Every structure is written in structure tokens, then in C-alpha cells.
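A.B. asks: Supplied in C-alpha cells, the structure appears directly below.
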Amino acid sequence: TDITLLSFKSASSISDTPDLDKALEELRVKVSVPTITEDTYGHMGTWSDPQVVNGKLMINWKPTSYKLNPEKSGSIVLNSLWGHYGDLRSLKQQQLAHNITAQRMEVDFSTNIWGAGMGTFTNCATIGKVDGFTHRAGGYAVGLDTQLIEDFLIGGSFAQFFGYTASQAYSSRSDQSGYLGSGYLGIFAGSWLFKGMLIYSDIHNDLNTKYPKPNLGESKGSWNSRGILADAHVDYRYIVNSRRLISSIVSAVVPFVEAEYVYVDFPKFTEVGSEARTFGEGHLQNVAIPFGVTLEHNYSRGQRSEVNSFSFSYAIDVYRQEPTVLINLPEASYSWDGVGSNLSRKSIKAQFSNDTEWNSYFSTFLGFTYEWREHTIAYDLNCGMRLIF
């Protein structure tokens, strides 16, 4: 691209003072161009040496590539799917740990109405060149389950979550709120307990990204992500002989295995404001196989029945399809494939739960879960109550 810096004309053609021509011949013009460094973003290229052509001082710009500002990469948008994933698993964990249990199944032909509060927290460090993220969310759930047939439980719940997913390095954050609905069942057969669950979710996202260096303003966007979680869980209960000394600490040893499938959809949307981007559609899929063991301590006195349990598990994500979304920056006429964080496919989880039936009509529960993956740590909290009738 040729750029004209100055235009010259003969002084004699516009003046009666011919000595000006000689003065113009001795004119010196210093031309400086922007210096391209490691911190330079945008269109890359090379400048030619300035030269005079047909009475014009010209310089040539030859574009070679485009270097994307990391703040515009869009990783936080795709990482919002991992936040959505965490919300689904938080509700699942609450229901597996407190609503489909051997203690609950032992109350034959009963109906429970329950309510719970939940919180989920995830910290993922920057992996390679992909920006890390922080997810914080909390919410509530209300549900009902019943045993119409002995040792067969069926129930459902409604939940609402509020939170956000934010970049760890840049001023970009997606505020999230949405609804979840679930259906679950349990089958108690001797020492075996089978659990199944399906959760549907609709999460609204409001994204705000600021570009302070240089001051390019801010952009905003919004979209709705829908997701499902399907889970199948089976455990075997081994009752520790009450004559053994260890029975005062551990009443039952419960090995278990589980299969979990999560699908989260990402629709296409366009931002508004400065440096607005257009995002294509995509989705996140993940299949995990957790397995581990639970140690239970049971205590009963009168009408009160209390179960404290510690679970330790290891999980492998045997299949994953991460979203690779086409992102376009119209102002720069540039497009690229946006990617989110690639979480480790192996995780270790520890969980504590307490379920106390105070009498034949009222029960409380609480739980805490810690999960570790390479570069990622997640916590879940829940507590609530059940009315039994």
C-alpha cells in the first residue's frame, strides 16, 4: 500500500521568487514509522524507505500478518461452558449424596419434600497460551421424591443458579444465571444400590469485556447455553462386623462406580460496542468414569439416625469434545479458531457428607467436596433439609 506523506510543487510556478526552488532543493524531511515490538498487536507488516515519486514523498506499507491481542482471543467465552458444567455437577452431587441414599431408601413408602442451598467454586490456571478462569456460583434447589413401590425411589427437582465466570488475566467476565430441572431414581436390592439421574439446564450469560491498554473501550454480548447431564451410579454396601474394633469408626465400606455424560450447547452470537466480535456455534461434550470407595459411620439413638461418610474417588474423562468456535473481528477483517481451557482428563475427589434424621418427620444434610485436576481446583458446598411424611 503506497501512502503519500507530502506533495511538492515548483516554487516558480506559484511565486515570482525563483530563489525558492533552490531552498526547496535543500529541504530535508525526517520520516519516522511506528516501531513493531513483542507488545505490538494488530496488522503486522514492513515499511519501505521513503522516496520522492512525481513530486510526492511516498512510503510503502506491506502487510504480512495479523497478531491478535490476547484479550480478544475469546477464551473466557468458551470457558463459560466449563462454568455451566460445574453447575450441573453441583446439583448432581447434592442429589447423589443426600437424596438417593441407603438411609433414605430404608424409609419404605415415604414421601420427602426437600430444599437445599448449593455453592460451586472452580479455579483454573492459565494452560499454555489459553487464559485461565474463575467460576463462582450459588443457588437453591427444591424437590420431591417418593417410594410408591418398596425399595424403588423416584423424584424430581427444580433449581436456580446465579454466578459468574471471569478471566484470570484480563478484564473480561460473564455473569450467569439460569434454571435447572432434574429427574432421579434409586433401586435398592440387598447390598446393591442403583442410582440414575437426568438434569436439564438453561443458563443465560451476560459478557462484558474491557480493553484498557490501549483504551479501546468495551464490548458486550449475551447468549443462552443449554445443557444436559445423565448419570448412572452403582454401589455395593459391605457392613462391618460390629464385633470388630474398627466398627466403632467405620460401620460400612461402600465401593462404587459411576458413568457421567455432560453436553453443553453454545449458540452463535455477536457483541456490541468497541472491538465487537462475532462467535460461531459449538458445544462441549464430556464422558467421565469415576470410581472409588465410601466409608460410613452410622449412629442411632431413639428416633435419631445419623450417617457420616467420607468418599474418595478417581475419575477418568474417557471421551471429550471441546468447542472450537470460529471468531470474527469485523473491524480488522480477521477470523480465528477460539479455544477454551483443556482441563486435565484425570481427577481426584474427596467428599464429606452428613445426613441426620432427627425424628420420623424431619431430616437435615450437609456436604463438602474437593476435586483436584492438574491446573484446576474445584469446591462444592451444600446443605438442606427434608420433610418426611
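A.B. asks: On the given criteria, is Ser311 surrounded by fewer than 20 Cβ atoms within 10 Å (Cβ to Cβ) and in the same structural domain as Leu207 (by TED's automatic domain parsing)? Step through it out loud before you land on a result.
C.D. replies: Values: surrounded by fewer than 20 Cβ atoms within 10 Å (Cβ to Cβ): no; in the same structural domain as Leu207 (by TED's automatic domain parsing): yes.
Taking the combined requirement at face value, the residue does not satisfy it.
A.B. asks: Give the residues of the stretch 90-128 that are of a type in the set (Lys, Arg) and more than 16 Å from Val307 (Cα to Cα), sorted by residue number. Walk me through it before giving the result.
C.D. replies: Restricting attention to the stretch 90-128, the residues satisfying the condition of being of a type in the set (Lys, Arg) are 92, 104.
Answer for the stretch 90-128, where residues must be of a type in the set (Lys, Arg) and more than 16 Å from Val307 (Cα to Cα): just Lys92.
A.B. asks: Another question about this same structure. Just checking, does the stretch 234-251 include any residue being assigned by TED's automatic domain parsing to the domain that holds Gln95, in a strand (DSSP E or B), out of contact with any helix residue (DSSP H, G or I) (no Cβ under 8 Å at 6 or more places or on another chain) and of a type in the set (Gly, Ala, Ser)? Outline the logic, then answer.
C.D. replies: Keep residues of the stretch 234-251 that are assigned by TED's automatic domain parsing to the domain that holds Gln95, which gives 234-251.
The next check asks that each one be in a strand (DSSP E or B); those that pass are 234-236, 238-239.
Checking the rest, the ones that are also out of contact with any helix residue (DSSP H, G or I) (no Cβ under 8 Å at 6 or more places or on another chain) come to 234-236, 238-239.
Narrowing further to those that are of a type in the set (Gly, Ala, Ser): none.
No, because not a single residue in the stretch 234-251 is assigned by TED's automatic domain parsing to the domain that holds Gln95, in a strand (DSSP E or B), out of contact with any helix residue (DSSP H, G or I) (no Cβ under 8 Å at 6 or more places or on another chain) and of a type in the set (Gly, Ala, Ser).
A.B. asks: So Lys349 clears everything in (1) touching a Leu at 6+ places or on another chain (Cβ under 7 Å); (2) surrounded by 14 or more Cβ atoms within 10 Å (Cβ to Cβ) except one condition, right? Which one?
C.D. replies: Going through (1) touching a Leu at 6+ places or on another chain (Cβ under 7 Å); (2) surrounded by 14 or more Cβ atoms within 10 Å (Cβ to Cβ) one by one, Lys349 breaks only (1).
A.B. asks: Could I ask something else about it? Has the stretch 209-222 got at least one residue that is of a type in the set (A, V, I, L, M, F, W, C) and in a strand (DSSP E or B)?
C.D. replies: As a first pass, look at the stretch 209-222 and keep what is of a type in the set (A, V, I, L, M, F, W, C): 216.
With the extra rule that they be in a strand (DSSP E or B), the set shrinks to none.
No.
A.B. asks: Select from the stretch 138-150 the residues that are closer than 10 Å to Phe109 by Cβ and surrounded by 14 or more Cβ atoms within 10 Å (Cβ to Cβ) and list them in ascending order. Don't jump to the end; show me each part of the working.
C.D. replies: Step one: filter the stretch 138-150 for residues closer than 10 Å to Phe109 by Cβ, giving 146-150.
Once the filter is applied, which keeps residues that are closer than 10 Å to Phe109 by Cβ and surrounded by 14 or more Cβ atoms within 10 Å (Cβ to Cβ), the stretch 138-150 yields Thr146, Gln147.
A.B. asks: Report, by residue number, each residue of the stretch 255-304 that is of a type in the set (D, E, K, R) and either surrounded by 14 or more Cβ atoms within 10 Å (Cβ to Cβ) or within 29 Å of Glu106 (Cβ to Cβ) (or both). Show your work before the answer.
C.D. replies: Taking the stretch 255-304 first, the residues of a type in the set (D, E, K, R) are 258, 260, 265, 268, 271, 275, 277, 281, 296, 301, 304.
Residues satisfying the conditions are Glu258, Glu260, Asp265, Glu271, Glu275, Arg277, Glu296, Arg301, Arg304.
A.B. asks: Could you count how many residues in the stretch 111-124 are crowded, with 16+ Cβ neighbours inside 10 Å and either among the polar types (S, T, N, Q) or outside the structural domain of Phe312 (by TED's automatic domain parsing) (or both)?
C.D. replies: Taking the stretch 111-124 as the starting set, the residues that turn out to be crowded, with 16+ Cβ neighbours inside 10 Å are 112, 114, 116, 118-122, 124.
From the residues that got through so far, the ones that are either among the polar types (S, T, N, Q) or outside the structural domain of Phe312 (by TED's automatic domain parsing) (or both) too are 112, 120, 122.
Going through the stretch 111-124 one residue at a time, the tally reaches 3.
A.B. asks: May I pose another question? Are there strands (runs of 3 or more DSSP E) fully within the stretch 320-383 with at least 2 residues that are under 21 Å from Leu229 (Cβ atoms)? List them.
C.D. replies: Details: elements: 324-329, 334-339, 346-357, 362-373.
Fully inside the stretch 320-383 and qualifying: 346-357, 362-373.
A.B. asks: Considering every residue within the stretch 208-221, establish whether at least one is among the hydrophobic types (A, V, I, L, M, F, W, C) and either closer than 26 Å to Lys349 by Cα or surrounded by 20 or more Cβ atoms within 10 Å (Cβ to Cβ) (or both). Spell out the reasoning first.
C.D. replies: Step one: filter the stretch 208-221 for residues among the hydrophobic types (A, V, I, L, M, F, W, C), giving 216.
Subset that is either closer than 26 Å to Lys349 by Cα or surrounded by 20 or more Cβ atoms within 10 Å (Cβ to Cβ) (or both): none.
No; the residues of the stretch 208-221 include none that is among the hydrophobic types (A, V, I, L, M, F, W, C) and either closer than 26 Å to Lys349 by Cα or surrounded by 20 or more Cβ atoms within 10 Å (Cβ to Cβ) (or both).
A.B. asks: If you go through the stretch 259-318, how many residues are hydrophobic (A, V, I, L, M, F, W, C) and assigned to a loop (DSSP other than H, G, I, E, B)? Don't jump to the end; show me each part of the working.
C.D. replies: Filtering the stretch 259-318 for residues hydrophobic (A, V, I, L, M, F, W, C) gives 259, 262, 264, 266, 269, 272, 276, 279, 284, 287-289, 291, 293, 295, 307, 310, 312, 315-316, 318.
If we keep only those that are assigned to a loop (DSSP other than H, G, I, E, B) too, we end up with 276.
Counting residues in the stretch 259-318 that are hydrophobic (A, V, I, L, M, F, W, C) and assigned to a loop (DSSP other than H, G, I, E, B) gives 1.
A.B. asks: Take the residues in the stretch 173-219 that are at pLDDT 95 or above and among the basic types (Lys, Arg); name whichever of them is farthest from Glu71 (Cα to Cα).
C.D. replies: Per the criteria, the residue is Lys195.
The values are calculated or read from the model by the stated rules, or taken from the named source; none is laboratory data. Every value quoted in this text rests on a predicted model; they were computed, and no experiment measured them. Virtual Cβ from ideal backbone geometry, glycine too; neighbours counted across all protein chains shown.
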